[in-house]
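Visitor: Quick one: the structure is below, and I'll ask about it shortly.
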């Protein structure tokens, strides 16, 4: 009889302890949010220094750390189309001290990579869409074609001989080239690099003849005359280069691709921290000085709520999934 009475007592004590622990945990979440940030924040960059993500992250991080009162340290983790950095974020502690700047490749990878080491939506907490950025189709000095119709004619006459470089497998530059091949009825050879700066250097060295890359990293070399611009990939002309026609204007109707950049946190990051980060980023992007800085490099500042970014990523996953399927794009 005594044993039968003792068992319910132990069960009750166990349940009480569990309830107390859960209560303390829940109480700790607001406390964590109230004291955040108490130390430096790590901002992962999935491409090398000198690329479009870097050119955007540097000025935004500088202004953000002024508002937060803690350093925002850029940590470059290039490789595998951005999946190396994304995997690191997915495994990071969800405390608001590890973030990432992702590109449109984040959504593309969901369809292009057969076995990602993370779930593109479930393992990340959307924070804010930071900016959009048009891509530009540029040619090296050795490329004979100077217009898109001339490029299509050359590509049809020399199937597979023309090469285009991108900042990595699965990024918008890669998929833009694949989509161009599909819509124009040509075949060019893709050569992946580990970032925009490496693509530009390869173009200048004559290693590849074309690139679909961000306007921010490519236009300075177009202005200097070392590269030449054929078209922009966006649906409308870019404010940074209004003289450059769109691909749709140049004989490839329906072509409309923009790069975009967003900040994510690990899934499980306290909503209060995510909301504050989103609001701080929006406040930074509203500063006239920063907006002018970004516009000078072709970026179109956005700033969004976490919910809006989540919806944007869902739409981009669906959109790029169709492009990957229709174009037959694959990893080399």
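Visitor: Taking all pairs of distinct Cα atoms, average 1/r, flip it, and tell me the Kirkwood hydrodynamic radius of segment 253-306 in Å to one decimal place.
Guide: Working: mean 1/r = 0.0769 Å⁻¹.
The answer is 13.0 Å.
Visitor: Using only Cα atoms, locate the centre of segment 282-332 and the centre of segment 31-91, then give the distance between them in Å, rounded to an integer.
Guide: 17 Å
Visitor: What whole-number value in cubic angstrom gives the convex hull volume per residue for the C-alpha atoms of segment 61-116? Please list the in-between numbers first.
Guide: Numbers: hull volume 5.1 nm³, N = 56.
Convex hull of Cα atoms, per residue: 91 Å³.
Visitor: Using the Kirkwood radius built from alpha carbon pairs, what does the Stokes-Einstein equation give as D for segment 134-232 at 4 °C and 1.567 mPa s, in µm² per second? List each step's numbers first, then the result.
Guide: Working: Rh = 12.9 Å.
Result for D is 101 µm²/s.
Visitor: Compute the relative contact order of segment 134-232 as a whole-number percentage, counting only Cα pairs closer than 8 Å that sit 6 or more residues apart in sequence. Before the final figure, lay out the partial values.
Guide: Numbers: 193 pairs, mean separation 46.3, N = 99.
Relative contact order comes out at 47 percent.
Visitor: Run the numbers on segment 202-329 and let me know its relative contact order in percent, using alpha-carbon pairs under 8 Å that are six or more apart.
Guide: Numbers: 87 pairs, mean separation 22.6, N = 128.
Dividing the mean separation by the residue count of segment 202-329 yields 18 percent.
Visitor: Starting from one equal scatterer on each C-alpha and no solvent at all, send me the Debye-based log10 I(q)/I(0) for segment 232-332 at q = 0.10, 0.13, 0.23 Å⁻¹, two decimals.
Guide: -0.41, -0.68, -1.22
Visitor: Here's a follow-up. Is the shape of segment 166-217 rounded, prolate or oblate, going by the alpha carbon gyration tensor and its root eigenvalues a ≥ b ≥ c, with a/c under 1.5 for rounded and a/b larger than b/c for prolate? Spell out each step's value before the answer.
Guide: Working: a/c = 1.99, a/b = 1.53, b/c = 1.30.
Prolate, since a/c reaches 1.5 and a/b exceeds b/c.
Visitor: For each of 41, 257, count neighbouring Cβ atoms within 10 Å of the residue's Cβ, then give the residues from fewest to most. The partial results should precede the final answer.
Guide: Numbers: 41 19, 257 22.
Least crowded to most crowded, the residues run 41, 257.
Visitor: Exposure proxy check: 45, 136 ranked by fewest other beta carbons within 10 Å? Spell out each step's value before the answer.
Guide: Numbers: 45 25, 136 30.
Arranged by neighbour count, lowest to highest, 45, 136 become 45, 136.
Visitor: Considering only DSSP beta bridges with both partners in segment 134-232, what is the antiparallel share in %, to the nearest 5?
Guide: 60 percent
Visitor: Follow-up question, since we're still on this one. Mind sorting out which of (i) 185; (ii) 141; (iii) 125 is the real volume of the Cα convex hull per residue in Å³ computed from the coordinates?
Guide: (ii)
Visitor: Angle between the Cα long axis of helix 148-157 and the longest principal axis of the chain, 0 to 90 degrees, nearest 10?
Guide: Taking Cα atoms only, the helix is inclined about 80 degrees.
Visitor: Also, quick follow-up: Relative contact order for the chain: what is it in percent, counting Cα pairs under 8 Å that are at least 6 residues apart? Don't skip to the end; give the middle numbers.
Guide: Values: 663 pairs, mean separation 83.7, N = 332.
For the chain, the relative contact order is 25 percent.
Visitor: Based on other C-beta atoms within 10 Å, arrange 101, 72 from fewest to most. Let's see the in-between values first.
Guide: Numbers: 101 25, 72 21.
Listed from fewest to most nearby Cβ atoms, that is 72, 101.
Visitor: Tell me what the chain gives for mean residue ellipticity at 222 nm when only DSSP H runs of n ≥ 4 count, each as -39,500 (n - 2.57), the sum divided by the residue total, rounded to 500 deg cm²/dmol.
Guide: Working: 11 runs with 155 residues, N = 332.
Counting only the DSSP helices, I get -15000 deg cm²/dmol.
Visitor: Which of 307, 229, 80 ends up with the largest GNM mean-square fluctuation for the chain, with Cα atoms connected below 10 Å?
Guide: 307
Visitor: Could I ask something else about it? Any chance you could get the radius of gyration and Dmax over the Cα atoms of segment 284-332, in Å?
Guide: 15.9, 43
Visitor: Could you work out how far helix 306-327 tilts from the main Cα principal axis of the chain, as a 0 to 90 degree angle to the nearest 10?
Guide: 40 degrees
Visitor: To the nearest 10 degrees, how steeply does helix 172-184 sit against the main Cα axis of the chain, on a 0 to 90 scale?
Guide: The answer is roughly 50 degrees.
No value in this document is a laboratory result; all are computed from the given coordinates. The model shown is predicted, which means the values in this text are computed figures rather than measured ones. Glycine also receives a Cβ, built like all others from the backbone with ideal geometry; neighbour counts cover every protein chain displayed.
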